1. How many percent of the accessible area of the chain is carbon or sulfur, using a 1.4 Å probe?
2. Which residue, ASN36, ASN149, ASN85, tops the fluctuation ranking in a GNM of the chain built on C-alpha contacts under 10 Å?
3. Anything over 27 Å Cα to Cα? Flag those among LYS33/LYS142; LYS61/LYS147; LYS60/LYS147; LYS102/LYS180, in the order listed.
4. Relative to the longest principal axis of the chain, what angle (0 to 90°, nearest 10) does the C-alpha long axis of helix 29-43 take?
5. Taking every DSSP beta bridge that has both residues in the chain, what percent is antiparallel when rounded to the nearest 5?
6. What accessible area per residue, rounded to a whole number of Å², is obtained for the chain using a probe radius of 1.4 Å?
7. Sort 113-126, 55-68 by packing, meaning the average of other beta carbons within 10 Å per residue, with the highest value first.
8. Two decimals is fine: what is log10 I(q)/I(0) at q = 0.17, 0.20 Å⁻¹ for the chain, from a Debye sum with one equal scatterer on every Cα and no solvent?
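The values are calculated or read from the model by the stated rules, or taken from the named source; none is laboratory data. Just so we're clear, the structure is a prediction, and the values are computed from it rather than from any experiment. All Cβ positions, glycine included, derive from the backbone under ideal geometry; neighbour counts span all protein chains shown. These accessible areas exclude ligands, DNA and RNA; they are computed on the full protein's heavy atoms, side chains included. Shrake-Rupley method; radii C 1.70, N 1.55, O 1.52, S 1.80 Å.
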Amino acid sequence: HKWVLETGQGVYEDGGKIKALEGIIIDITELKKRQNQILYINDHDFLTGLYNRHYYEMQKKRLEWECEAPVSILVADINGVRLTNDAFGSIAGDRLIIEAAKIMQSCCREGDVLARTGGDEFSLILPDTDREQAYGVVNDIKIACEKANAASHTENQPVSLSMGFGTKDDSAGNLEGAEKEAAEYLRRSKLF
């Protein structure tokens with residue numbers, strides 16, 4: 001398949017009847033590929049392939065505008081990335097971030113929006129998810145971390161995540177409140 005740009009016009013006989021069509025067709029496949037790459041880069045994190053903060057914020061606004069509820073927001077922070085970077089170098093820290101992203105992504109459902117929103121921070125929008133279901137997702141991610149760490153037979157650092165979540169229970173609420181609740185829950189989780 002190829003993308004093309006086509007322009008043309010009719011060639012008319014003296015009586016006004018179309019005799020032929022003349023035009024030009026230009027192959028713009030490479031241009032389309034570059035446009036798609038730019039769109040991808042605009043919405044995705046270069047290291048993990050997850051969505052980035054820009055896309056995450058746009059999805060929050062969309063959900064606010066649609067007045068969807070319940071919606072939960074889960075925030076996660078990788079424990080020990082700074083220490084890993086200092087002790088083993090940034091490549092080891094990047095591996096830890098990539099592994100954490102894979103683990104979290106494996107626990108996402110269709111329609112969930114997982115984004116890397118900071119250096120070692122992830123945010124997950126869970127549409128149509130109440131508090132009990134969000135708590136279940138937190139537990140699923142913890143179990144997935146434990147399994148991944150147990151299965152890792154390399155010198156990779158184990159993945160340890162601190163997580164928190166908040167829920168917008170009704171259409172009158174807002175996601176900022178859910179996000180603040182999640183951040184406070186995360187802060188308390190980090191302390192322990």
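1. Whole-percent figure for carbon plus sulfur exposure: 53.
2. ASN36
3. From the list (LYS33/LYS142; LYS61/LYS147; LYS60/LYS147; LYS102/LYS180), the Cα-Cα distance tops 27 Å for LYS33/LYS142; LYS61/LYS147; LYS60/LYS147.
4. 30
5. Percent antiparallel among DSSP bridges in the chain is about 95.
6. Computed with neighbouring chains in place, this is 64 Å² per residue.
7. 113-126, 55-68
8. -1.10, -1.34
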